[in-house]
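The values are calculated or read from the model by the stated rules, or taken from the named source; none is laboratory data. Since the model is a prediction, treat every value here as computed from it, not as a measurement. Counting neighbours? That spans all protein chains shown, and the Cβs are built from the backbone with ideal geometry, glycine included. Just the protein is used for accessible areas: all its heavy atoms, side chains included, with ligands, DNA and RNA removed. Shrake-Rupley method; radii C 1.70, N 1.55, O 1.52, S 1.80 Å.
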Amino acid sequence: MQNSLLILLPPVGKVILDWYSENVSLMAGENVIGFRLNLTQSSLPGDYAVELSLVKDDYTLSYGVKYIPVEGSVINSIRTDRNSYKQNETAVLTVVLYSNVQFILKIKSGSKLIAESIIENLGLVTKNYTIPIKEMSTNVIEASLTTPYSVSSKLVTFGIINLPPKAVAGTDKTVEVNTKVTFDGTSSYDPGDDPLTYIWDFGDGKSASGPIVIHTYDSVGVYIVRLTVKDSKEAYDIATLKVNMVDTTPPEIFSIYPLNGSSISTSTPVISASFSDNVAVDTSKVFISLDDVDITLASNITPSGFSYTPSAPLTGGLHKVHVSIVDLHGNRANLTWFFTTPVSISPPPLPPPPPPPEPSPVVTTSLIVSIVANVPTKVEVSSHAPKSSLDYIEVISNISLPSVRFSVEEYSQNPTAYSPPSNVIPLSFLKIEIDTPSGSIFQAKIRFKLPITVIVNQNLDPESIQLYRLTTTWIPLITSMVGRF
């Protein structure tokens, strides 16, 4: 007779056939049959069914079914809800397993542990996991378990669609030229949390790298700044912003000399000041005055300042300096300051000069002198010059003639002890006396007429003729030509 063995593995839904046959001799009474049980998949746990059959010629005697339990746990299947995902999406992982002992189930992506569960339920178990794709280190998920009786694992592979990063460069800026500008790209991000690189193009031919950078523009204008962010898979995004560089800062005037309110010991000081601006001072628009007189052209002017040295000593007393400067973009600065120069102490007056010597007899000529007041009047005047240099003298006063006594005398040589200035060539000397009531004359104007022969013979420039008045020194009077007759 022969016997056979049928092995069943219900837990995983498979039937495993392992036929074992052997000729045996049966005796009357109780027989013991021994045979070897060979489990071809001994790592799979479960209750194995064993059926013993005796076959003799054309009939079969079945003994029945015997169940042999094999302890342990096994992963039956692992799957995801989709075949591919974007980096910002989430995968649903389903693991089906069988267990008849307690164990720990681990879910990994590469070497990164994503989840860990203690399985306490016996029999067929289904576990679901929600896993963010950006937490995966690879596109493969492994489910594994280990028990004292068995080791089991399964893998599932899926596709990951890389999403480009998002560049954020910030808002537009308006900044003063030549000041530092900070650019911040740290608000940029990657949907898959990939590391990012940052490249800045400042729009002026210069660039820099990094999430936060600093740049300085040296010219006024509008610049378009581009930020390029790139992930580890070379996907990138670009963001731009506008930078408007302006100049509203006025220039500065400083380091003045002489100092404001100071008293100095020289009458020929070097007047100076320094300039500064965040761009540059326009030297063509600098204006400088001293005591309200324009000295711009006489000054040494540079973009960093000016200096001026008076061509003649300044009179003693208070002086005012005014400076106005403009930068290249029209911003203006003004500064006015004062200083004092030493006042000269006049020497005591000289004693009156001795009376002039009696002039030698000369031919007396007449000069017509008119006093212009309320009523025009002509008066005869004596002249001590051999030939008068003047044919007409007119004195204009503010009172009428009846109250005035007036006389004019002319000399060809200086009748006083005071010499005229060395650069003056005397043409004639006049002595004018006006006798009026006290305080009645407050203004007088002298007009005179020179013969054309005098101008030609003396080779004179009519514009250069100047009247001088003698006090203790000869003082020039404002003189101008009023016409030709």
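Counting the residues of segment 146-204 that are among the basic types (Lys, Arg) and part of a loop (DSSP other than H, G, I, E, B) gives 0. Every condition in (1) open to solvent by 70 Å² or more (accessible area, probe 1.4 Å); (2) within 30 Å of SER187 (Cα to Cα) holds for THR315 except the one numbered (2). When we screen LYS173, LYS233 for residues that are charged (D, E, K, R), touching a Leu at 6+ places or on another chain (Cβ under 8 Å) and surrounded by fewer than 18 Cβ atoms within 10 Å (Cβ to Cβ), the only hit is LYS173. Against the criterion of being at pLDDT 95 or above and open to solvent by 60 Å² or more (accessible area, probe 1.4 Å), ILE224 qualifies. Here the condition is being open to solvent by 30 Å² or more (accessible area, probe 1.4 Å) and in a strand (DSSP E or B); of PHE275, PHE254, PHE306, PHE339, it holds for PHE254 alone.
Counting only residues that are farther than 16 Å from LEU477 by Cβ, modelled with pLDDT under 70, of a type in the set (A, V, I, L, M, F, W, C) and open to solvent by less than 70 Å² (accessible area, probe 1.4 Å), segment 435-463 holds 1 of them.
For the residues TYR418, TYR411, TYR392, the requirement of being of a type in the set (Phe, Trp, Tyr) and modelled with pLDDT of 75 or more singles out TYR418.
All of (1) among the hydroxyl-bearing types (Ser, Thr, Tyr); (2) part of a loop (DSSP other than H, G, I, E, B); (3) closer than 30 Å to ASP193 by Cβ hold for THR249 with one exception: (3). Note on segment 205-221: among residues that are part of a strand (DSSP E or B) and polar (S, T, N, Q), the one that is least open to solvent (accessible area, probe 1.4 Å) is THR216. Under the condition of being in contact with a Leu (Cβ under 9 Å, 6 or more places away or on another chain) and either in a helix (DSSP H, G or I) or modelled with pLDDT under 75 (or both), the residues counted in segment 464-476 number 1. Residues in segment 278-297 that are in a loop (DSSP other than H, G, I, E, B), surrounded by fewer than 14 Cβ atoms within 10 Å (Cβ to Cβ) and free of Cβ contacts under 8 Å to residues at least 24 places away in the same chain: LEU297 only.
Does segment 110-126 include one or more residues that are among the hydrophobic types (A, V, I, L, M, F, W, C) and touching a Lys or Arg at 6+ places or on another chain (Cβ under 7 Å)? Looking for residues that are among the hydrophobic types (A, V, I, L, M, F, W, C) and touching a Lys or Arg at 6+ places or on another chain (Cβ under 7 Å), one finds at least one in segment 110-126, hence yes.
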